[in-house]
Structure formats: C-alpha cells, structure tokens
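Colleague: First the structure, which I've put down as structure tokens, then a few questions once you've had a look.
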Amino acid sequence: MTSWSARYRAGECFAVWDELRAYGPDGVPDALHEDAEEVARETMRRVAANVDVIVERLTAVGYAFAYPEDARQTPISRLLPMARPGIMGWRFRAGVRLY
C-alpha cells in the first residue's frame with residue numbers, strides 16, 4: 001500500500017482524508033499513526049503557505065488589518081487549549097472537518 005502521505009502529496013487529498021476519518025473517534029491503528037501525522041503536518045504546511053499568500057495579497061492592495069501582529073501566527077499556540085487527543089494526536093472539539 002502506498003503511504004497516505006505519499007498519496008496526499010501526489011494530489012489524493014480528499015481520498016486520503018476520507019480514509020483517515022473513516023477510522024472514527026478511535027483513530028488510526030498505532031502502526032499507521034506516524035503516516036497519518038505526516039498527512040496532518042503536510043496539510044498544515046499547505047494551510048500556512050496559503051495564509052501567507054492571502055496576507056501578502058491583502059497587504060499589497062492596502063488592506064489594513066485591525067491587528068496586524070495577528071494576521072499570521074503559528075496556529076498551535078492559539079489552538080492547543082481547544083484540542084484533545086484524537087484521530088492523529090489532536091482533534092478539535094468544534095468538530096472541524098479536516099482535509
């Protein structure tokens with residue numbers, strides 16, 4: 001089986017996340033945990049890159065952020081209190097659908 005992280009990087013983002021979510025609240029088996037966490041890390045790297053582009057483009061057109069120091073922050077420091085152990089180490093209580 002090709003790893004989830006390899007498939008995710010190859011463009012199978014939705015299919016990989018569908019498979020990961022299919023394990024439900026018990027999470028992925030221990031043998032697959034590292035690969036699942038790599039998918040989550042790659043997802044967050046892509047999110048960060050996209051947020052950077054959005055912030056840059058808004059700044060370039062003169063958008064004035066109310067709190068510019070908060071326009072781009074590392075999410076973990078702000079979300080850690082909302083997280084609990086789950087599918088891949090952390091799952092959000094709000095029931096956010098992850099891709």
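Colleague: Could you list Leu32, Leu20, Leu58 in order of exposure, starting from the residue whose Cβ has the fewest other Cβ atoms within 10 Å?
Modeller: Leu58, Leu32, Leu20
Colleague: So which chymotrypsin sites (Phe, Trp or Tyr not before Pro) in segment 1-69 pass both tests, a DSSP loop state and at most 13 other Cβ atoms within 10 Å of the Cβ?
Modeller: Passing both the DSSP loop test and the Cβ count: Tyr63, Phe65.
Colleague: With r defined as the distance between the Cβ atoms of Arg57 and Ala15 and R0 fixed at 30 Å, what FRET efficiency is calculated, to the nearest 0.05?
Modeller: 0.50
Bear in mind these aren't lab numbers, they're just calculated from the coordinates by the rules spelled out. None of the values given here were measured: they were computed from a predicted structure. Heads up, the Cβs are rebuilt from the backbone with ideal geometry, glycines too, and the neighbour counts pull from every protein chain shown.
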